[in-house]
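Each reported figure results from applying straightforward, stated rules to the coordinates on display, with no laboratory input. A quick note: this is a predicted structure, and the numbers were derived from the prediction, not measured. Cβ: placed from backbone, ideal geometry, glycine included. Neighbour counts: every protein chain shown.
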Amino acid sequence: MSRSKSPRSSCPITCALDLLGDRWTLVVLRDVLLAGRRSFSELARPEGISTNVLSERLERLEAGGVLVVERDRTDGRRKLYTPTERGLELIPILIDLLIWGTAHTPGTAHAALAARARVDREQVIAEAVAAARSRSGR
């Protein structure tokens, strides 16, 4: 799906939010980039996102060059979503949101990972990027 729509603003934050700034997109990216979920059914399950919303978000992320879609080699009917280099560049942002969220929302999950990231953010990011690349076969 290709969108030739011009940006509504020249502000880079506005442009980033046009692609990423809705209720579900960062959750989908969290699942692809940090949790290793790649199929539609894996992505729909954890948070209960509706299939039509998930489809739209995945199409938008593909059009934005953040994810690529490919057919599963073992089941040609199944699509797998893989991060591009542009997508992998979002991992530090997700790690920073994880750190911020655990610091400001008591009782949230992944406190141990956030604590590690507060001590050695670059190492946690490097591990997350390596794992995402490994899952995608790159």
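Data table
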item: Potential extension, Ala35-Cys11 segment - 0.36 nm per residue separation minus Cα distance; result: 5.6 nm
item: Value of [θ]222 nm, deg cm²/dmol, for the chain, DSSP H segments ≥ 4, -39500 (n - 2.57) each, nearest 500; result: -16500 deg cm²/dmol
item: Contact order relative to length of region 12-135, as percent, for alpha carbon pairs under 8 angstrom and 6 or more apart; result: 23
item: Candidate values (1) 1.08; (2) 1.02; (3) 1.13, label of the one derived for Cα Rg over 2.2 N^0.38 Å; result: (1)
item: Compactness relative to 2.2 N^0.38 Å, alpha carbon Rg of region 48-106; result: 1.41
item: Stretchable slack from Ser134 to Glu122, in nm (0.36 nm times residue separation minus alpha-carbon distance); result: 2.5 nm
item: Charge dipole (debye, nearest 20) of the chain; +1 at Cβ of Lys and Arg, -1 at Cβ of Asp and Glu; result: 300
item: Residues listed by number, region 31-51, amide nitrogen under 14 Å from Asp75 label point at 7 Å toward C-beta; result: 38-45
